[in-house]
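Since every read-out is calculated from the coordinates, none of them should be taken as a lab result. Since the model is a prediction, treat every value here as computed from it, not as a measurement. Cβ: placed from backbone, ideal geometry, glycine included. Neighbour counts: every protein chain shown.
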Amino acid sequence: MIFMEKKLEIAGWKKTSCDDGPGMRSVLFLQGCSMNCAGCHNKIAQKKGNGELWDVAEIADSIIQQCHNKRLTISGGEPLEQWQELKELIAMLAERNFDICIYTGWNKEEVPDEVFQMVNYVKCGSFAADLKSDNIHYVGSSNQRMFKRETSGEWVELKLQIG
Ligand code: SF4
């Protein structure tokens, strides 16, 4: 039987960022988002097929080599549109005790429970141009919300700082 390695379509990589979730983090951008928000900050990552296809294990190796503090944000595009493949990557990184934050445009109620079982932070909600803000930490518009899994396993909403 031929084993087919799962692949993720990638839009880009940022080795360090202080804007994409708590603490200094590396950011993996996945390609493809069907939400088409007006004023999208990353329009180039919307169209599926415009990114690079990478084997999941290859991505995991590259992240392990480059992200030394083990804090990773996965953004896009819309990462949850590739969830079946993405969860394999997250499982590989979880074995190395990575702290994972997902940036999704989906509302909290739309995010599968499985996501909350596998990651540490989830930023929920699509970008709303009429609620755009340049000074709320970690988000681009005031409707977006950030959730954190406590060590107890309980999920809490973070009160995002302004300024
Ligand atoms: S969810 Fe994000 S990537 Fe997708 S269209 Fe909206 S702003 Fe752009």
Considering the stretch 127-154, residues that are part of a loop (DSSP other than H, G, I, E, B) and buried (at least 19 other Cβ atoms within 10 Å of the Cβ), and then whichever is nearest to the ligand (Cβ to nearest atom), we arrive at Phe127
How many residues are within 16 Å of the ligand (Cβ to nearest atom), assigned to a loop (DSSP other than H, G, I, E, B) and surrounded by 14 or more Cβ atoms within 10 Å (Cβ to Cβ) when one looks only at the stretch 107-126?
3
So which of Leu53, Leu72 is surrounded by 15 or more Cβ atoms within 10 Å (Cβ to Cβ) and touching a residue at least 24 places away in the same chain (Cβ under 8 Å)?
Leu72
Anything in the stretch 44-100 that is among the charged types (D, E, K, R), assigned to a helix (DSSP H, G or I) and over 16 Å from the mean Cα position of the chain (by Cα)? List them, or say none.
Glu58, Asp61
Could you tell me how many of the residues in the stretch 87-109 are of a type in the set (Val, Ile, Thr) and more than 21 Å from His68 (Cα to Cα)?
1
Residue satisfying condition, being away from the ligand (no atom under 13 Å from the Cβ) and touching a residue at least 24 places away in the same chain (Cβ under 8 Å), within set Gly12, Gly23:
Gly23
Go through the stretch 113-143 and give me each residue that's under 14 Å from the mean Cα position of the chain (by Cα) and not small (Gly, Ala, Ser).
Val115, Phe116, Met118, Val119, Asn120, Tyr121, Val122, Lys123, Cys124, Tyr138, Val139
Would you be able to say whether some residue in the stretch 84-104 is among the small types (Gly, Ala, Ser) and within 25 Å of Asp130 (Cβ to Cβ)?
no
Do any residues in the stretch 147-163 that are of a type in the set (A, V, I, L, M) have Cβ atoms under 7 Å from those of residues that are part of a loop (DSSP other than H, G, I, E, B), where the two are at least six apart or on different chains, and which pairs are they?
Val156/Glu150; Leu160/His137; Leu160/Tyr138; Leu160/Val139; Ile162/Asn135
